[in-house]
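*Asks:* Take a look at the following structure, please.
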Amino acid sequence: MMRLARPSRRGFLKIGSLGVGGLSLSELLRDEAKAGIVSSTKSVILIYLVGGPPHQDMFDLKPSAPAEIRGPWRPIPTNVPGIEIGEAFPMMARMMDKFTIIRSLVGNQADHDAVQVFNGHDPRKPQPGGSWPQFGSVVAKLQKPVDPAVPSFVSLCYPCTHPPYNEPGPGFLGTAFSPYRPIDPGRKELGVRDVTIDRLSNRKQLMKQMDEVRRFADRDGTTHAMDSFNAQAFSLLTSSKVADALDLSKEDPRIVARYGTGDPKIFMDENGAPRVPQSLLMARRLVEAGVRVVTLNYSKWDWHGGENNSIFKREKEDFPALDQCLSSLVEDLHMRGLSDSCSVVVMGEFGRTPKINGQVGRDHWPQVNLAVLAGGGMKTGQVIGATDRIAGEAISRPVTFGEIYATLYRNLGIDLATTSVNDIEGRPQYLVEQHAQPIQELI
C-alpha cells in the first residue's frame, strides 16, 4: 500500500479547499451559514430508474388486454385488499401496506432527460437563467447540515456516458450546493489519495490515511490557525461518519445479503447505470449518519428490445433485484424508527408503450408514468390514480412531478407558500411549478 506522504503546512492548508463541484468546502460552509437556513432531521432518498421503467409490467398490469399489450406477467394480490401488483414483486406485495403506488404520473417528456426526475420542473417550459437546481441542492441551500461533519446532500449516482441520464446539477444556486459525490471516479472528495468505492470498503486502509492526517494536524497545531469554516471543512473531510456509512463491512452481513449486491463496474447496456442494490443500503446508512438528501441511479430500463435483449429477458433480471433491495430498504426504515422521517421515492423519466414492438420491447411513452413512495410519515397502503384498459392514458387522478416534489418538500418541513430561492438575477423563485401542491392522499 502506498503511504500517505506527510503533507507540508502549505499542502495541509489546502485540505480545507478541496473542491466539491468546483468550490472549496470552506467556501461552501461559509455560504450556507450566510443563508440563514433552518435545521431539521427529515430526509429523502431518491431512486432514479434510468431510462424509463415499464409501468404496465410492474405495478399496473392489464391481464385482460390483448397479448401484444399485456405481456407474460400476471398480477398477484398484496397484503392490502384490492391492490394487485406484478408477480415479479412478491416481497413488495407482502408489505404493500408500507408503499404507495402512483399509476397516473403525467406531464412526462418524450425524450430521455433526468432533469424532471431530479427537480420536478418541466424542461419544455421557460426557466430562469442558470436553470432550475435539482431538489437536493435546494434542500442543502435551505436547511443546515444535521452535523457539521456530514454533508446535507450526497449523490450516489454513477456517471452515465449518455449525458441526459445524469443529474442536472445545482443550476442557478451555484456549485456551492452541488452534491457530495463519494463514488464519482473523477473526483477525490474524501481528501485522500486514490479513494474509490472499492477502496472505501477497505476500512483499515482508509482510517490509517485519515489518522495520519489528524495526527499531523494535532502535532502541528494547524487546525487552530484555520478560521471556523476551514475547520468545519477539515472536520467533514476527515470525519469517519461518511466513510462509515459507505463501508458495508460495518453492516451486519445478513442485512447486506437481504439487500443483495451488484457489480458497480458493470454499466447496464454500457451507457446506463450499474445494477447495484447495495446503493440502497448505503443510502439508508447515509441518512442515519445525518445526510438530508441521497440520490442514486439504478440500472437501465430503456428496453426497446432487439436480438437476445428482449424486454422480458431484462425484466426477469431486474425486477427481482429491485423487489429485494427496495423491500429491504423500506423494511429497514420501519425497523429502525425512520419511517416517519425518511421519505423514499422511486421513478423514471417516462413510461413505456402499451403495445410491444416488433423487437420485443416497449418504446418511450410520455403519456403516463409511475412512481412508488414510502416512508416520510405518508399514508401508505394505497394506489393513487388509474389508467385505461391498456395502461396508455391516465383516466383518474392525474399526478405531476411538481406535486411529488411539493410533497417531498412538505415532508422535510419546508413551507412552499413562504419559501423561495433567488436565481442568478436575484429574483425569488418558488420551489415547485405554479399550482403544484402536496398530494393530499398522502397527508
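The values are calculated or read from the model by the stated rules, or taken from the named source; none is laboratory data. Nothing here was measured: the structure is a model prediction, and the numbers come from that model. For neighbour counting, all protein chains shown are included, and Cβ atoms are generated from backbone atoms with ideal geometry for every residue, glycine included.
*Asks:* Looking only at residues in the stretch 256-266 that are among the hydrophobic types (A, V, I, L, M, F, W, C) and surrounded by fewer than 16 Cβ atoms within 10 Å (Cβ to Cβ), which one is farthest from the chain's Cα centre (by Cα)? Step through it out loud before you land on a result.
*Replies:* Restricting attention to the stretch 256-266, the residues satisfying the condition of being among the hydrophobic types (A, V, I, L, M, F, W, C) are 256-257, 266.
Now restrict to residues that are surrounded by fewer than 16 Cβ atoms within 10 Å (Cβ to Cβ): 257, 266.
Numbers: A257: 21, I266: 19 Å.
Out of the qualifying residues, it is A257.
*Asks:* Pick from the stretch 267-291 the residues that are assigned to a helix (DSSP H, G or I) and not aliphatic (A, V, I, L, M): which of them is surrounded by the fewest Cβ atoms within 10 Å (Cβ to Cβ)?
*Replies:* Restricting attention to the stretch 267-291, the residues satisfying the condition of being assigned to a helix (DSSP H, G or I) are 278-289.
Restricting the remaining residues to those that are not aliphatic (A, V, I, L, M) gives 278-279, 284-285, 288.
Details: Q278: 19, S279: 26, R284: 25, R285: 21, E288: 17.
So, considering only residues that are assigned to a helix (DSSP H, G or I) and not aliphatic (A, V, I, L, M), the one surrounded by the fewest Cβ atoms within 10 Å (Cβ to Cβ) is E288.
*Asks:* Say whether the condition of being hydrophobic (A, V, I, L, M, F, W, C) and within 26 Å of S178 (Cα to Cα) is met by at least one residue in the stretch 252-261. Before the answer, list the steps.
*Replies:* Going residue by residue through the stretch 252-261, those that are hydrophobic (A, V, I, L, M, F, W, C) are 255-257.
The next check asks that each one be within 26 Å of S178 (Cα to Cα); those that pass are none.
Among the residues of the stretch 252-261, not one is hydrophobic (A, V, I, L, M, F, W, C) and within 26 Å of S178 (Cα to Cα), which makes the answer no.
*Asks:* Contact list please: Cβ distance under 6 Å, first residue in the stretch 336-352 and closer than 23 Å to R362 by Cα, second residue β-branched (V, I, T) and outside any strand (DSSP E or B), pairs at least six apart or on different chains.
*Replies:* M347/V117; E349/V117; G351/V368
*Asks:* Okay, moving on. Being of a type in the set (S, T, Y), surrounded by fewer than 21 Cβ atoms within 10 Å (Cβ to Cβ) and modelled with pLDDT under 95 is the filter here; which residues of the stretch 26-71 pass it? Before the answer, list the steps.
*Replies:* Residues of the stretch 26-71 of a type in the set (S, T, Y): 26, 39-41, 43, 48, 64.
Narrowing the set further to residues that are surrounded by fewer than 21 Cβ atoms within 10 Å (Cβ to Cβ) leaves 39-41, 64.
If the condition is that a residue be of a type in the set (S, T, Y), surrounded by fewer than 21 Cβ atoms within 10 Å (Cβ to Cβ) and modelled with pLDDT under 95, then S39, S40, T41 are the ones that fit.
*Asks:* Could you say whether any residue in the stretch 132-143 is modelled with pLDDT of 95 or more and in contact with a His (Cβ under 6 Å, 6 or more places away or on another chain)?
*Replies:* Within the stretch 132-143 (the criterion being modelled with pLDDT of 95 or more and in contact with a His (Cβ under 6 Å, 6 or more places away or on another chain)), the answer is yes, since at least one residue qualifies.
*Asks:* Which count do you get for residues in the stretch 394-414 that are under 24 Å from the mean Cα position of the chain (by Cα) and assigned to a loop (DSSP other than H, G, I, E, B)?
*Replies:* Filtering the stretch 394-414 for residues under 24 Å from the mean Cα position of the chain (by Cα) gives 398-414.
If we keep only those that are assigned to a loop (DSSP other than H, G, I, E, B) as well, we get 398, 412-414.
Selection size over the stretch 394-414: 4.
*Asks:* Could you go through the stretch 95-102 and let me know if any residue there is within 23 Å of H435 (Cβ to Cβ) and either at pLDDT below 95 or among the hydroxyl-bearing types (S, T, Y) (or both).
*Replies:* The answer is yes; a qualifying residue exists.
*Asks:* Let me ask you something else. Give the residue, chosen from A114, A65, that is touching a strand residue (DSSP E or B) at 6+ places or on another chain (Cβ under 8 Å) and among the small types (G, A, S).
*Replies:* Of the residues listed, the single one that is touching a strand residue (DSSP E or B) at 6+ places or on another chain (Cβ under 8 Å) and among the small types (G, A, S) is A114.
*Asks:* If you don't mind, there's one more thing I want to ask. Hand me the list of strands (runs of 3 or more DSSP E) wholly inside the stretch 72-179 holding 3 or more residues that are crowded, with 21+ Cβ neighbours inside 10 Å. If you could, list the steps in order and put the result at the bottom.
*Replies:* Numbers: elements: 75-77, 84-86, 99-106, 153-155.
Fully inside the stretch 72-179 and qualifying: 99-106, 153-155.
*Asks:* Another one. Return the total of residues in the stretch 310-365 being under 20 Å from K379 (Cβ atoms) and either in contact with a strand residue (DSSP E or B) (Cβ under 9 Å, 6 or more places away or on another chain) or among the small types (G, A, S) (or both).
*Replies:* The number of residues fulfilling the criteria is 17.
*Asks:* Further, regarding this structure: Hey, can you tell me all the residues within the stretch 415-443 that are of a type in the set (A, V, I, L, M, F, W, C) and either modelled with pLDDT under 95 or assigned to a loop (DSSP other than H, G, I, E, B) (or both)? First the steps, then the outcome.
*Replies:* Keep residues of the stretch 415-443 that are of a type in the set (A, V, I, L, M, F, W, C), which gives 416-417, 421, 424, 431-432, 436, 439, 442-443.
Correct list: L416, A417, I424, L431, V432, A436, I439, I443.
*Asks:* Hey, another quick one. Contact list please: Cβ distance under 6 Å, first residue in the stretch 89-109 and without any contact (Cβ under 8 Å) to a residue 24 or more places away in the chain, second residue assigned to a strand (DSSP E or B) and surrounded by fewer than 17 Cβ atoms within 10 Å (Cβ to Cβ), pairs at least six apart or on different chains.
*Replies:* A93/I76
*Asks:* I'd like the residue in the stretch 418-431 that is touching a strand residue (DSSP E or B) at 6+ places or on another chain (Cβ under 9 Å) and not charged (D, E, K, R) and, out of all such residues, is surrounded by the most Cβ atoms within 10 Å (Cβ to Cβ).
*Replies:* So the residue we want is L431.
*Asks:* If you don't mind, another one. For the stretch 72-88, name all the residues that are within 23 Å of F350 (Cα to Cα) and either of a type in the set (K, R) or in contact (Cβ under 8 Å) with a residue 24 or more places away in the chain (or both). Can you show your working first?
*Replies:* Initially, the stretch 72-88 is screened for residues within 23 Å of F350 (Cα to Cα), giving 72-75, 83-88.
P72, W73, R74, I83, I85, G86, A88 - these are the residues of the stretch 72-88 that are within 23 Å of F350 (Cα to Cα) and either of a type in the set (K, R) or in contact (Cβ under 8 Å) with a residue 24 or more places away in the chain (or both).
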